[in-house]
């Protein structure tokens, strides 16, 4: 008799014999999520920029908004709407242009942000937490490239013989946590290099804003 059998028969220890997701499958998804989070993207850049402008603590609102946006995208993809959008040229085109226009608008806002100050006498850049949350949410939720990517990526890890909702909880929690930790690290790094950012002044904001504008302008034109 194996140790697993003895433990599973013990009335004080409950071991789920049919887990929501196989550990090997979850581990592969975790590694893939880490790789995706470390790759350049709008939300990582937004966390870096907000970390430099607002500090790590307030950037937590941005990161939380991005996590909620990614969870919404994963839900759409896992419950079938992603396939509908992929099949509809009209909806795909609309989503591309909405996401692109928002990224252009966001880039303009970052471009116009004041230079970062390092002295306590300087007036801090104050933005409401709700505004930061919405920027993170919309940056993740209006990105059609992310929606299409997850529509093709997630089916590799879904078991049709298990509960789809329970698998969604595991997948969404894993990716959201991975993405949030990565973005928090970027925001923290930006906060520690504030003296350097203060020297380059507004050019840093213009470079990040220009990158957002470029992404927003190119994204709707990609097939």
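The values are calculated or read from the model by the stated rules, or taken from the named source; none is laboratory data. On a predicted model such as this, the values are computed, not experimentally measured, just so you know. So basically every Cβ, Gly included, is an ideal-geometry build from the backbone, and we count neighbours across all protein chains shown.
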- [ ] State which residue is modelled with the highest pLDDT when the search covers only region 131-161 and only residues that are farther than 21 Å from residue 32 by Cα and not in a helix (DSSP H, G or I).
- [x] 142
Open item on the list: Checking residue 195 against (1) in a helix (DSSP H, G or I); (2) over 12 Å from the mean Cα position of the chain (by Cα); (3) surrounded by 13 or more Cβ atoms within 10 Å (Cβ to Cβ); (4) modelled with pLDDT under 85, only one condition comes out false. Which one?
Closed with: (3)
Open item on the list: residue 67 - would you say it is buried (at least 21 other Cβ atoms within 10 Å of the Cβ), modelled with pLDDT of 80 or more and more than 20 Å from residue 216 (Cα to Cα)?
Closed with: yes
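Which residues, taken from region 32-64, are surrounded by 24 or more Cβ atoms within 10 Å (Cβ to Cβ) and under 19 Å from residue 209 (Cβ atoms)?
Just the residues of region 32-64 that are surrounded by 24 or more Cβ atoms within 10 Å (Cβ to Cβ), to begin with: 42-43, 46-47, 49-54, 59, 62-63.
Hits for region 32-64 are 42, 43, 46, 47, 49, 50, 51, 52, 53, 54, 59, 62.
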